[in-house]
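Novice: Please find one structure pasted underneath; my questions will follow.
The values are calculated or read from the model by the stated rules, or taken from the named source; none is laboratory data. From a predicted model like this one, the values you see are computed outputs, not experimental measurements. Here Cβ is always computed from backbone atoms with ideal geometry, including for glycine, and neighbour counts include all displayed protein chains.
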Amino acid sequence: MRQHDRGLTELCAGRVMASLFFEPSTRTDLSFQAAMRRLGGDVVGASNGVQFSSVYKGENLADTVRAAGCYADVIVMRHPQKGASFEAAYYLDKLNQRIDNPTVLISGGDGIGEHPTQALLDMFTIYDKKKTFDNQTITLVGDLLNGRTVHSLAKLIARYGVTGTRLAFVSPDSLRMPAEIMSMLAELGVSTYETADLMDVLGESDVIYWTRIQEERFENPSDYEAIKDRFIMTPSLLSHAKADAILMHPLPRKHEMGTQADHDVLDEDPRAVYFEQMENGMFVRMALLAKVLRGVYV
Ligand code: ASP
Ligand code: CP
């Protein structure tokens, strides 16, 4: 077990974070709340979740966000609609022009759109393990159409600027990376490779980023059933990966990592870094909150 001190500071003492989660979350919600508390700040949220706020009475997103903006210094929001973060930020900006203490909005994920803070913690984890972003084969596997984490990660890698790194996208044909993201990567000069056959790239991958098929995004359950077993990470599959590869997963995981017995073996493999990735989420969110609330990096 690693020895470390996760730390407590007073950097954000006197500041309040509102947690507005319109969609389920374990890691993003808890890590943001823990991050804020570890920085000495406070957290508010509707007592029994957003479904028991005035959203229940039909209040819209614009007004809900502005209500939180009147009370908090920063809002962390997750919403099932793609683009909801932009809509919320637009209305929060309007409020900010009229109140003394402007509020910052941070996206905790918007539908099949983006999950930007996940991308930050993913990048941190890759750097922590590989000490570089250059000359890597980073392979993203699974539901690349509906998975917001892979959208944000691919964009962040491209925007960061990498040399000699290739992004390999492995998915069923029906769940390929959206065309607009592929175009953006091409414009930014990132080398990409798309395939439905994991064995094309598994043995060359430095980073294997496994993802869940996003069941809740499928309109037709039979479409999900037809595809759900397409990519399953197991100990025997991982035996084809490089000895120094890292296996990441944003979590939660379901059967795309096999059975509980498979989990138990994979979790012991030194290449599996998803629990450190999950813990890094809190550290990265501490840094982000300190930056937006106090203008400093911790
Ligand atoms: N937790 C991540 C997300 O909210 C990944 C997932 O749910 O599969 O996007
Ligand atoms: N990785 C992630 O966003 O997890 P949660 O959905 O549990 O927040």
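Novice: Just to be sure, is Asp229 outside any loop (DSSP other than H, G, I, E, B), over 22 Å from the mean Cα position of the chain (by Cα) and farther than 22 Å from Lys130 by Cα?
Specialist: no
Quick grid of which residues meet (1) in contact with a helix residue (DSSP H, G or I) (Cβ under 6 Å, 6 or more places away or on another chain); (2) assigned to a strand (DSSP E or B); (3) within 14 Å of ligand 2 (Cβ to nearest atom); (4) of a type in the set (Lys, Arg):
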| position | (1), (2), (3), (4) |
| --- | --- |
| Asp134 | no, no, no, no |
| Thr139 | no, yes, no, no |
| Leu144 | yes, no, no, no |
| Lys155 | no, no, no, yes |
| Met182 | no, no, no, no |
| Gly189 | no, no, no, no |
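Novice: Quick one: how many residues across the stretch 80-93 are touching a residue at least 12 places away in the same chain (Cβ under 8 Å), among the charged types (D, E, K, R) and assigned to a helix (DSSP H, G or I)?
Specialist: 1
Novice: Suppose the filter is closer than 22 Å to Ala287 by Cβ, small (Gly, Ala, Ser), crowded, with 18+ Cβ neighbours inside 10 Å and in contact with a Gly (Cβ under 9 Å, 6 or more places away or on another chain); does Ser171 pass it?
Specialist: Here the answer is no, as Ser171 does not meet what is asked.
Novice: Looking at the stretch 260-298, which of its residues are touching a Phe, Trp or Tyr at 6+ places or on another chain (Cβ under 7 Å), within 16 Å of ligand 1 (Cβ to nearest atom) and not basic (Lys, Arg)?
Specialist: Once the filter is applied, which keeps residues that are touching a Phe, Trp or Tyr at 6+ places or on another chain (Cβ under 7 Å), within 16 Å of ligand 1 (Cβ to nearest atom) and not basic (Lys, Arg), the stretch 260-298 yields Asn280, Val284.
Novice: Would you check if there is a residue in the stretch 112-120 being surrounded by fewer than 16 Cβ atoms within 10 Å (Cβ to Cβ), among the polar types (S, T, N, Q) and either at pLDDT 95 or above or more than 16 Å from ligand 1 (Cβ to nearest atom) (or both)?
Specialist: For the stretch 112-120, residues surrounded by fewer than 16 Cβ atoms within 10 Å (Cβ to Cβ), among the polar types (S, T, N, Q) and either at pLDDT 95 or above or more than 16 Å from ligand 1 (Cβ to nearest atom) (or both): absent.
Novice: Give the number of residues within the stretch 238-256 that are surrounded by 18 or more Cβ atoms within 10 Å (Cβ to Cβ) and either more than 16 Å from ligand 1 (Cβ to nearest atom) or at pLDDT below 95 (or both).
Specialist: Residues that pass the stated criteria total 4.
Novice: Determine, yes or no, whether Asn48 is of a type in the set (S, T, N, Q) and over 28 Å from His151 (Cβ atoms).
Specialist: Judged against the criteria, Asn48 is a match.
Novice: Please go through the stretch 12-52 and pick out each residue that is more than 17 Å from Val104 (Cα to Cα) and in a loop (DSSP other than H, G, I, E, B).
Specialist: Phe22, Glu23, Pro24, Ser25, Thr26, Gly40, Ala46, Ser47, Asn48, Gly49
Novice: Restricting to the stretch 104-127, what's the tally of residues that are of a type outside the set (Ser, Thr, Tyr), away from ligand 2 (no atom under 12 Å from the Cβ) and under 28 Å from Met199 (Cβ atoms)?
Specialist: Number of matching residues: 3.
Conditions (1) of a type in the set (Ser, Thr, Tyr); (2) exposed (fewer than 13 other Cβ atoms within 10 Å of the Cβ); (3) modelled with pLDDT under 90, marked per residue:
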position: Leu11; (1), (2), (3): no, no, no
position: Arg15; (1), (2), (3): no, no, no
position: Pro24; (1), (2), (3): no, yes, no
position: Ser31; (1), (2), (3): yes, no, no
position: Gly40; (1), (2), (3): no, no, no
position: Gly45; (1), (2), (3): no, no, no
position: Gly49; (1), (2), (3): no, no, yes
position: Ala62; (1), (2), (3): no, no, no
position: Ala67; (1), (2), (3): no, no, no
